[in-house]
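Written below as structure tokens is the structure these notes are about.
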Amino acid sequence: MTTVAASLDIKALQRTWAAFDRVAHLRPIRSDEEYEHTVALMNYLLDVIGDLEDHALSGLLDLVSELVEDYDTDHFAIEASEPRDALRYLIESRGLKQGDLAEIVPQSNLSAILSGKRKISATLAGKLAKYFNVSPALFVPA
């Protein structure tokens, strides 16, 4: 018998778990319904705990967050996109025109990047990242 098992009061654990389970119903996430429940629990814990790292429920929040993260990774993974596609998306989503970036990159170079004829340099990646307030890694091929 291990040290943990020897010092564990299994009956107390069962009573405590039963009470906790009635309230939280915390399980590995296997369905969209369980995912929604766990995300709601996580959001509630975030509201209660806030920035208090030493809050009594912070360990529970860590556990719940890991369950949600694992499910997200398995079910909602986002594939890396080409740097030019990310740039195109940022331009379009912000209602910009190529000329709006003229101070950062000449329009002819920007057109060549968006068409795939030219790569984004490390220097330009830094400038674009600063302009769009994103990580420069977005503009570096994976």
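Throughout, read-outs are computed from the coordinates displayed, never taken from laboratory work. The structure presented is a predicted model; accordingly, all values stated were derived computationally and were not measured. Here the Cβ positions follow ideal geometry from the backbone for every residue, glycine too, while neighbour counts run over all protein chains shown.
Data table
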quantity: C-alpha long axis of helix 58-75 to longest principal axis of the chain, angle in °; calculated: 50
quantity: Inter-part distance where segment 1-55 and segment 68-133 are each reduced to a Cα centre, Å; calculated: 41
quantity: Under 14 Å, Cβ to Cβ, from D21 - net charge with Lys/Arg +1 and Asp/Glu -1; calculated: +2
quantity: At 1.306 mPa s and 10 °C, Stokes D of segment 3-75 from Kirkwood alpha-carbon radius, µm² per second; calculated: 116
quantity: Counted charge near L96, where neighbours are those whose Cβ lies closer than 13 Å (Asp, Glu -1; Lys, Arg +1); calculated: 0
quantity: Dimensionless Rg over Rh [the chain; C-alpha; Kirkwood]; calculated: 1.23
quantity: Efficiency of FRET between N43 and A129 - r from beta-carbon atoms, R0 30 angstrom, step 0.05; calculated: 0.50
quantity: Cβ crowding within 10 Å averaged over residues, with 68-75, 8-15, 110-117 ranked highest first; calculated: 110-117, 68-75, 8-15
